[in-house]
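The values are calculated or read from the model by the stated rules, or taken from the named source; none is laboratory data. What you are looking at is a predicted structure, and each value in this text was computed from that prediction instead of being measured. Cβ placement follows ideal geometry from the backbone for every residue including glycine, while neighbour counts extend to all protein chains displayed.
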Amino acid sequence: MAALNFKHALFCAFITLLISYPILGFNLEAKGINVTIVGADTTTILGVLLAAVVVFLFQLFRDQIMGRVGDLRSLTAGKPKEPMAENRRAKIESWVLTGIVVLALFWPFFMSRGAVDLATLVLIYIMLALGLNVVVGLAGLLDLGYVAFYAVGAYTFALLSQYLGVSFWVALPIGALLAAAFGLVLGFPVLRLRGDYLAIVTLGFGEIIRILLNNWTTLTGGPNGIGGIPDPTLFGMEFGRRVKEEGNTSFHETFGIAYSGEHKVIFLYLIALVLAVFTALVIRRFMRMPVGRAWEALREDEIAARSLGLSRTAVKLSAFTIGAFFAGFAGTVFASKQGFISPESFVFLESAIILAIVVLGGMGSQIGVVLAAIAVTILPELAREFSEYRMLIFGAAMVLMMVWRPQGLMPMRRIHIELKKQE
Amino acid sequence: MLEVKNLSMRFGGLLAVDQVSLDVKEREIVSIIGPNGAGKTTVFNCMSGFYKPTGGKILFEGQEVQGKPDYKISRLGMVRTFQHVRLFGQMTVVENLLVAQHRHLNTNLLAGLIGTPNYRERERKSLDRAAYWLDRVGLLELANREAGNLAYGQQRRLEIARCMVTEPKMLMLDEPAAGLNPAETKDLNQLIVSLKEDYDVSVVLIEHDMSLVMDISDRINVINQGRPLASGTPEEIRQNDDVIKAYLGEA
């Protein structure tokens, strides 16, 4: 056993050297038109060697270390305490959640503009992740092109406002419905596919939408994007310093307060908050309705679900459509927040991040997904100085999660249903 | 009630089912027996719409159902269980029963979102029906457990309960006694008989447990290598030379 460990550790250390030395140990320097290879300074080489030693030691004592980690987990997660009565817990939970939402309502008035802006972005990601949670977490359909529906929502608003002068509030339902229609259209051809095959087709669909937006220059402006997307208005009151559109009034004049750029940011935040709460409540309701149970039944066992009279077509399409609907919501808010959109915002990485949020949070679990959305959006902002290593940190976090909590931050909990005793 | 005429199913060069006929009357328990690989489950798969038979007719209450999609057949009132239990493992026991009642539920999304009185009433009814059947198969205490965590015998019973909440006219059980101990088999025996007696359900049964088959069947069909070998009452089957030969091998 020990010999085997030693061999394995040696091998891992060697691989570390093999990979990191050529990458870090040599630098390319341009001399005139020629490029020469220069060895790195001693500190870098020492660093590489040190890393190899660390890997070696870790692999050598891996069992002991991971054993400790296991102990740690039993300390934090597996407390053998009596579970609370179901109805009491539900009551406490709903109070706490209401408290958090109320807090979130007043919070922006005391915070800096940057923080509120970031919070709006978090809320947009929450909406996206909650929507994708329906498709991936509940219905079990791996969708790698979710960002396409986000793009549809955003571009719908941008184009409508540019060509027809439609306002945010009119565009919001249109964007969501159009995204839902795209979900329906995509749903049809992929009905028969499962797992990996489905993932590839949806991935392709996401790329098609992005490339279409990029190349249809006459309509979408291509890579230049669309700018000048209007901000939302509050009952015809604009938040800019000057009123842009005929018939509107401006917010600060109506209320007789001094103009401040923060008003607009806070208003957008509040809209995003209301929509995110709306999304969460509607999906929560769906989960307790027949359609939600049908999604899960199809995920668990498609053959059994069909044998009980569930139509695969209807169930899968409903999941796709509803998921896409909320992505359209998020897209419209995003377009309004940025004021400018281009295909750059809807690359595959976005899909991957949203999927990562769902997986990190715990498939199917709404609270988990919200927490993960906050973590995944805010952490990179906090670690701006390490921006070069963002993806590295991201990857490391994923690996750690898989070791500690493979089922996600907050695994989905079943809804407890009281049954009356039958006579 | 159910009439299967000259059913054939061909997979490429293999004729898995060849000219099998079968009829089931109301409130009758009909068994299909035969050696392993005889094509019993294939007959089931054709009847429940999982396969599209390559020949023959299946009439359910006078309506041709061969080749219809599986979920439509199930909505007509022909519901089946599986040889290997197929529950929705991560859902709770009671959720398993609620999913099965979807065709009785108002599936209108808006009505559910708002929670109209009509929707609530239906939801309450389906909960009551679930509770009734859980009580009937002795799983009421476990209603909020995850179905995948139940003991094997309990999973079998839950699967039957899940079929019964759909209020079927005909139940197709594929080896329901497989993996059960003698006591559980006895319970199952009583349950199946009571389904017929008390709930007016016809039962088609595939089973290897001969004591169970002989005990409760009204009629038995024997299939061997895809072809019908014999059919008749349990007594007739017991004395049929061909059947004995197929089961025990030629002496």
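Some notes on this structure:
- For A:Val291, the conditions (1) more than 30 Å from A:His416 (Cα to Cα); (2) at pLDDT 85 or above all hold with the exception of (1).
- Candidate set from the range A:297-312 (those that are crowded, with 23+ Cβ neighbours inside 10 Å and in a helix (DSSP H, G or I)); member that is farthest from the other protein chains (Cβ to nearest Cβ): A:Leu298
- Being in a helix (DSSP H, G or I) and either modelled with pLDDT under 80 or not hydroxyl-bearing (Ser, Thr, Tyr) (or both) is a property that A:Arg284 has.
- Filter result (over 10 Å from A:Pro290 (Cβ atoms) and either at pLDDT below 80 or within 10 Å of another protein chain (Cβ to nearest Cβ) (or both)) within the range B:104-121: B:Leu110, B:Ala111, B:Leu113, B:Ile114, B:Gly115
- Matching residues, the range B:211-230, being without any contact (Cβ under 8 Å) to a residue 60 or more places away in the chain and either touching a strand residue (DSSP E or B) at 6+ places or on another chain (Cβ under 7 Å) or loosely packed, with under 15 Cβ neighbours inside 10 Å (or both): B:Ser211, B:Ala230
- A single entry from B:His102, B:His84 fulfils the requirement of being more than 17 Å from the chain's Cα centre (by Cα) and of a type outside the set (Ser, Thr, Tyr): B:His102.
- Looking across the range B:196-210, the residues that are surrounded by 18 or more Cβ atoms within 10 Å (Cβ to Cβ), assigned to a loop (DSSP other than H, G, I, E, B) and touching a residue at least 60 places away in the same chain (Cβ under 8 Å) come down to B:Val201, B:Glu207.
- Residues of the range A:387-422 that are among the aromatic types (Phe, Trp, Tyr) and out of contact with any Pro (no Cβ under 9 Å at 6 or more places or on another chain): A:Tyr389, A:Trp404.
- Options A:Val101, A:Val134: the member that is modelled with pLDDT of 80 or more, in a helix (DSSP H, G or I) and farther than 26 Å from A:Ile174 by Cβ: A:Val101
- Residue identified as in a helix (DSSP H, G or I), of a type outside the set (S, T, N, Q) and buried (at least 18 other Cβ atoms within 10 Å of the Cβ) among B:Ile244, B:Ile237: B:Ile237
- Looking only at the range B:122-157, and only at residues there that are hydroxyl-bearing (Ser, Thr, Tyr) and at the interface with chain A (Cβ under 9 Å from one of its Cβ atoms), the one that is surrounded by the most Cβ atoms within 10 Å (Cβ to Cβ): B:Ser126
- Counting only helices (runs of 4 or more DSSP H) that sit wholly inside the range B:60-131, those with at least 3 residues that are out of contact with any His (no Cβ under 6 Å at 6 or more places or on another chain) and of a type in the set (A, V, I, L, M, F, W, C) are B:93-100, B:109-114.
- Pairs where the first residue, in the range A:21-43, is among the acidic types (Asp, Glu) and the second is assigned to a strand (DSSP E or B), C-beta under 9 Å, 6+ apart: A:Glu29/A:Val35; A:Glu29/A:Thr36; A:Glu29/A:Ile37; A:Glu29/A:Val38
- Qualifying positions in the range A:25-53 - aliphatic (A, V, I, L, M) and within 30 Å of A:Asp63 (Cα to Cα): A:Ile45, A:Leu46, A:Val48, A:Leu49, A:Leu50, A:Ala51, A:Ala52, A:Val53
- Complete set of residues in the range A:272-282 that are surrounded by 21 or more Cβ atoms within 10 Å (Cβ to Cβ) and either within 10 Å of chain B (Cβ to nearest Cβ) or not small (Gly, Ala, Ser) (or both): A:Leu275, A:Thr279
- Residue within the range A:365-375 that is surrounded by 13 or more Cβ atoms within 10 Å (Cβ to Cβ), within 14 Å of chain B (Cβ to nearest Cβ) and either hydroxyl-bearing (Ser, Thr, Tyr) or in contact (Cβ under 8 Å) with a residue 24 or more places away in the chain (or both) present: yes
- For the range B:69-96, a tally of residues being in contact with a Pro (Cβ under 7 Å, 6 or more places away or on another chain) and facing chain A (nearest Cβ under 9 Å) returns 2.
- Residue within the range A:313-326 that is in contact with an Asp or Glu (Cβ under 8 Å, 6 or more places away or on another chain) and surrounded by fewer than 17 Cβ atoms within 10 Å (Cβ to Cβ) present: no
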